[in-house]
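As C-alpha cells, the structure follows; a few thoughts come after it.
The values are calculated or read from the model by the stated rules, or taken from the named source; none is laboratory data. Keep in mind that what you see is a predicted model, and the values were worked out from it rather than measured. All Cβ positions, even for glycine, are placed from backbone atoms using ideal geometry, and neighbour counts span all protein chains on display.
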Amino acid sequence: MKKLLFPLLAGIVLVSCSQQQPEATEEKIALGESYGPAKVDVEKAISVQEFFTDFEKKDGPEEYTIEGKIVEVCQKAGCWVGIDDGNNDYFMVRFKDHFTIPLDTKTDTYAYMHGVATWDSIPVAQLKEDAAAEGKTKEEIDRITQPKYTFAYVADGIVMKK
C-alpha cells in the first residue's frame, strides 16, 4: 500500500504544480458618465504625449482616442474642455454637434475622448468668443487681433474616469 501511496501523492503534487496559474488581468477601468453621439472605446486610448508625438507628423485630419486630465470646463454651457498638455498649459477640446457635459464637472478629472484632430486656424471672432466664455476682461478680448494657428480637436464622445 505504501508503494502505491507515495507515487500517487507525488503524481498529484507534480500535476498541481504544473498547472498554469491564471494570468493577472488588467485592472478594470472604472468609468463614469458618457456624453456625445459616439461611444468611446477606452481600450484604444493613448496619452496626450503620444497623441502630440503622432499628430505632429500628420498633414490632414486624423482620428484619435485620447486620455487626458480636464483642467478647464466651459462655464457657460459645458461645450468644451481644456485638457492638460503636459507643459503647464492646456489645449481645447470642442464637442461635435454642440453636445455638452455638466457645468459642475470637476477639474483634475480624467476623461477619455474620441474625435478628430486637424490643423486649423482659429478666426479672431472665435478667439474673442472663447475668451469671453473663459471670463477674460474686455481689454484682454480687445487685444485679440490675429487668428491663431494651431491644431483643433473635435470630440464626438467623452467618458469620464471615476
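Here is how the numbers come out for the structure above:
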read-out: Qualifying positions in the stretch 118-162 - of a type in the set (V, I, T) and over 20 Å from D104 (Cα atoms); value: T118, I122, V124, T137, I141, I144, T145, T150, V154
read-out: Residue check, A111 modelled with pLDDT under 90, among the hydrophobic types (A, V, I, L, M, F, W, C) and under 16 Å from the mean Cα position of the chain (by Cα); value: no
read-out: Test result for D59, out of contact with any helix residue (DSSP H, G or I) (no Cβ under 6 Å at 6 or more places or on another chain), modelled with pLDDT under 95, farther than 28 Å from E33 by Cα and of a type in the set (D, E, K, R); value: yes
read-out: Subset of the stretch 134-162 (residues that are outside any strand (DSSP E or B), loosely packed, with under 14 Cβ neighbours inside 10 Å and in contact (Cβ under 8 Å) with a residue 12 or more places away in the chain); value: G135, T145, Q146, K162
read-out: Single residue of D120, D104, D108 found to be charged (D, E, K, R) and either buried (at least 16 other Cβ atoms within 10 Å of the Cβ) or farther than 27 Å from A30 by Cβ (or both); value: D120
read-out: Which listed residue is modelled with pLDDT of 90 or more and touching a His at 6+ places or on another chain (Cβ under 6 Å), from V81, V40; value: V40
read-out: Condition broken by A131, with the remaining ones in (1) in contact with a Phe, Trp or Tyr (Cβ under 9 Å, 6 or more places away or on another chain); (2) surrounded by 15 or more Cβ atoms within 10 Å (Cβ to Cβ) satisfied; value: (1)
